[in-house]
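This report refers to the structure that appears directly beneath it.
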Amino acid sequence: MNPFSSGTRLRDMIRAIRACKTAAEERAVVRKECAAIRAAVSDNDNDYRHRNLAKLMFIHMLGYPTHFGQMECLKLIAAPGFPEKRIGYLGLMLLLDERQEVLMLVTNSLKQDLNHTNQYIVGLALCALGNISSAEMARDLAPEVERLLQFRDPNVRKKAALCSIRIIKKVPDLAENFVNPVASLLKEKHHGVLLTAIQLCADLCIVSEEALEYFRKKCTEGLVKVLKDAVNSPYAPEYDIAGIADPFLQIRLLRILRILGHGDADASDLMNDVLAQVATKTESNKNAGNAILYECVETIMSIEDSGGLRVLAINILGRFLSNRDNNIRYVALNMLMKAISIDGQAVQRHRATILECVKDSDASIRKRALELVYLLVNETNVEPLTKELIDYLEVSDQDFKGDLTANICSIVERLSPDKLWYIDQMLKVLCEAGNYVKDDVWHALVVVITNASNLHGYTVRSLYRAIQTSVDQEAVVRVGVWCIGEYGDLLVNNIGMLDIEEPLSVTENDAVDVIELAIKRHTSDLTTRSMCLIALLKLSSRFPSCSQRIKEIVNQSKGSLLLELQQRSIEFNSIIDKHQNIRSALVERMPVLDEATYSRRRDGSLPVNVSTSDKNSLQNPNGVTKTFNAPLLDLLDLSDEPAPPNSSGGDFLQDLLGGDILSSSSHTGTTQPQKSGTDVLLDLLSTGSPPAQNGSSTADILSISQDNNSSVSALDSLSSPMPQSVHIAPTTGGSPIMDLLDGFGPNPPVPNNGPAYPPVVAFESNSLSLTFNFSKQSGSPQTTNIEASFTNKSSDVYTDFIFQAAVPKFLQLHLEPASSNTLPGNGNGSITQKLRVTNNQHGKKSLVMRIRISYKLNNKDMLEEGQISNFPRGL
């Protein structure tokens, strides 16, 4: 016989395919066999049609196209004999799916077979319908399937129930037709039929609320009785698995009871007793018993219960945590994470066992247990739990330290009872795993330190000790260097000693030694070395006797290959040599950083709306509720371009200035490139920013404006293009603008001899009016001089008056100091302030500006803002 004729047996074709050594040989064999089958189909070969379809199914499973054999399936289904129908239905389920149009042709054959006298043919039709039924077929054949739910043979009833599940999923409107038949099936004694009936009942409850209510009233007691009989039934060999009577049926019953009892107190009361029996009588030394117990726990957690059963369920999960099977422990941890929101007190009793799971050798269990511990921590247990986690941090695996450190830091920030405990715990974490700590963690620590004025001495001494023992932890070195630079005098003079401290003798040279070692350490990165340089600059003012030594250390970075260090070294050396008169003002104490604003920016939850209410308050990371002033909105929203992703969150410069404002040079009028949030933060923390991509980075000590009561200093460096220029103008009464590297010099006067323009009321509210008067410089049409005049229409006096403005990046803006910071009421006076705007697209785009005016009214912060677009043409 030809090995590739239509009469080839299936086993011969399989043997020929398996004998192929290459994919090309296999394709050749399949191609020849498919050609022979096509020839047989064309010749309408009835003798070998079933054999050809069997071979097509094997070829289909190998991944080759077999669509040409679909009609052969229909011909075999239409045949009268059972063997042909069996192959035909099998081919129908394999070669076709519900999206095939050919399937419409088989509906009539299915209907005939569902009414066939042979129960096995009926079973074939039900099986096929349950696998590939479309919505149209479900509507047409639902009456036949519904009738078969009452068929005499249990196997047919079981298949009819499974087919019904497919039908109601495809056509939920037909669900009501199956409610009564399913209710009668739930009384079956045959376990196979009962299993499928329970699953059909569960699906009906999901798609139909009416069905759910019906089963709650009519079937809950019956299902509870069936479960009780299954739990208390004697040994039955046909259903017994590991000594447990039909665990599959028990699990299905527990799941349907969970659905019926959820949200219904009456139904839950009916099943409380049987759930207690299942929880107490089921053995947990076999896997089947553990599966039943897990489903029982999940059911108890889902139904309405007074609490007694829930404690029993959580105790079962506690026993699971002691099991040697990792899978059982993992599912127990998952369930406890859900249970903690229902009965947290019961879960707390197993805290010790959960902590042991954090130390497990399995990475999945460790991670899940750590997440559960994070949820367990509250105000009452934060101290012992944190101690346990920090103790484990010392011996934990390197690949687990990152997750563990992040969770400990989050717990400490969220629930610390006071600043002293917060600082102590964070220092322990930094000493053990400082290299795994993210930047925003030690940034937050610096914020808390600046706010804890009574702990400055204690903190700097603790960090001095920590650097000695944990010099390899980068975060400890950074925070320690920053604190020594800020509070070095407190370290040397032992100021602010606490009772819990041991005496520490540190000289000025010892403090400088620590920073010198940090800057010379080969593993220190650019940020750490930049922080060391600025700390040395601060100490040169705080320790005058060490000034010459500090200068020598700073000079050593002049030859650094890193441009940032070169630049800082040169500039700081110039400050130490030439500008002693302003050095103390430049490196004075950092202002207190607002914890509430930093926390909100870090979490990305800074509110969009401005509020001037006194009701604004926030829970600080140290556990102290603090009222904060009205946040200033971002002025940088005039450009159509999206804001850079690093422009929000954790920006200390924004915190210091009260909003999203970046200063630019006030004596050159040129726009400075914008800093990312991290770069500005690093500069204000006395750190360096990464060098620019073009290889050139300039650090410029901008300017300092002083009056009798205050002084402000800022260090700035170039890192990335700034989309908009924004200025903050100081009030008058200060000294002239100073270039800290080149001496003193006032701003050059701006000529005012251009063409005249009508004045414009730029902004007006119920209490405040702003008028712009314009003039042009001759020979410079792109530059506009603006005189802003502010008038107070109310009877109150406004103090601490500040005007801020922002423009798109095609404009450059320069603000001069205002004439005063106090605005009298009733229009009895005004504040004037001069602006200079340069339009780089003069003649193409008009001026546009967003303004913000802040002032104090009866010691209450007020804020007004608006956008100005009604500038005269030609500006």
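The values are calculated or read from the model by the stated rules, or taken from the named source; none is laboratory data. What you are looking at is a predicted structure, and each value in this text was computed from that prediction instead of being measured. Neighbour counts are summed over all protein chains in view; Cβ atoms, including those assigned to glycine, are modelled from backbone coordinates with ideal geometry. Surface accessibility is based on the protein's heavy atoms, side chains included, excluding ligands, DNA and RNA. Shrake-Rupley method; radii C 1.70, N 1.55, O 1.52, S 1.80 Å.
Treating each Cα of segment 170-297 as one equal point scatterer and applying the Debye formula with no solvent, the log10 of I(q)/I(0) at q = 0.19, 0.21 Å⁻¹ comes out as -1.04, -1.22. Other residues with beta-carbon under 13 Å from the beta-carbon of E394 carry, at +1 per Lys or Arg and -1 per Asp or Glu, a net charge of 0.
Kirkwood-type hydrodynamic radius, segment 398-600: 17.5 Å, calculated from all non-identical alpha-carbon pairs. Alpha-carbon geometry of segment 20-146: the Rg and the Dmax are 15.6, 53 Å, given in that order.
Geometric descriptor of segment 304-414, per residue, is 95 Å³ (volume of the convex hull of the Cα atoms). Taking the Cα atoms of segment 451-529, the ratio Rg/Rh between the radius of gyration and the Kirkwood radius comes to 0.96. The mean accessible area for residues of segment 398-600, using a 1.4 Å probe and ignoring ligands and nucleic acids, is 37 Å² per residue. Neighbours of L490, meaning other residues whose beta-carbon lies under 11 angstrom from its beta-carbon, give a summed charge of +1 when Lys and Arg score +1 and Asp and Glu score -1.
Local charge sum around T771 (other residues, Cβ-Cβ under 14 Å, Lys/Arg +1, Asp/Glu -1)?
In short, 0.
Peptides 346-353, 494-501 ordered by packing proxy, namely the average of other Cβ atoms within 10 Å per residue, highest first: 346-353, 494-501. Convex hull of alpha carbon positions in segment 108-184: directionally averaged projected area 4.4 nm². Ordering T523, V476, C409 by Cα displacement along the dipole of segment 398-600 toward the positive end leaves T523 in first place; charges were set at the Cβ atoms of Lys, Arg (+1) and Asp, Glu (-1).
From most to least packed by mean Cβ count within 10 Å, the peptides 225-237, 528-540 give 528-540, 225-237. Projected label points at D240 and R27, each 7 Å from Cα along the beta carbon direction, are separated by 5.8 nanometres.
Toward the positive end of the charge dipole of segment 180-279, with +1 on the Cβ of Lys and Arg and -1 on the Cβ of Asp and Glu, the farthest Cα among A265, L186, A211 is that of L186.
Straight-distance candidates among the aspartates and glutamates for linking to K834, with alpha-carbon spacing under 14 Å and chain neighbours fewer than 8 residues away dropped: E787, E816.
Spread over its residues, the convex hull of the C-alpha atoms of segment 776-875 is 102 Å³ per residue. Each peptide in 72-78, 585-591, 397-403 gets a packing score, the mean of other Cβ atoms within 10 Å over its residues, and the list from highest to lowest is 72-78, 585-591, 397-403.
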